[in-house]
Amino acid sequence: MKQYVPDRRCLSTLRLIITAIAVIIIAAARYFLPMDNVVFYINLGTIAVACFEMFVHLPLYFWSIS
């Protein structure tokens with residue numbers, strides 16, 4: 001049985017895409033929402049989700065692919 005492994009550059013590319021999406025969400029929240037408290041919590045949640053996805057979920061997913 002042949003085993004397939006994902007490309008190592010794909011993980012880096014996905015991390016860059018997630019970072020770009022997080023920056024866009026943060027910029028949109030700052031631009032459209034006038035309330036500083038809400039913007040702060042949106043920024044905090046966006047950064048937390050992006051970091052979890054980039055450093056926990058995606059590496060585990062890539063290591064499990066075979």
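3J(HN,Hα) along region 14-28, derived from phi through the Karplus expression 6.51 cos²θ - 1.76 cosθ + 1.60 where θ = phi - 60°, amounts to 5, 5, 5, 5, 5, 4, 5, 5, 5, 5, 5, 5, 5, 5, 5 Hz, with x in place of Gly and Pro. Which angle between 0 and 90 degrees, to the nearest 10, do you get for helix 36-52 versus the longest principal axis of the chain when only C-alpha atoms count? Value to nearest ten degrees: 10. Cβ crowding within 10 Å ranks F62, F40, F32 as F32, F40, F62, fewest other Cβ atoms first. For the pair Y61 and K2 in one chain, pulling the backbone fully straight at 0.36 nm per residue adds 19.3 nm over the alpha carbon distance. Helical runs (DSSP H, four residues minimum) scored at -39500 (n - 2.57) apiece and divided by the length of the chain put the mean residue ellipticity at 222 nm at -24500 deg cm²/dmol. A full extension of the chain between I17 and N37 corresponds to an added length of 4.5 nm, given 0.36 nm per residue minus the alpha carbon distance. Please identify the trypsin sites (Lys or Arg not before Pro) of region 1-61 that satisfy two criteria: DSSP loop assignment and at most 13 other Cβ atoms within 10 Å. Which are they? Taking region 1-61 and a limit of 13 other Cβ atoms within 10 Å, the loop trypsin sites (Lys or Arg not before Pro) found are K2.
Rule-based calculations on the coordinates, nothing more; no lab input. It should be emphasised that the depicted structure is a prediction, and the values quoted were computed from it without experimental measurement. Don't worry about glycine lacking a Cβ; one is built from the backbone with ideal geometry, like all the others, and counts go over all protein chains shown.
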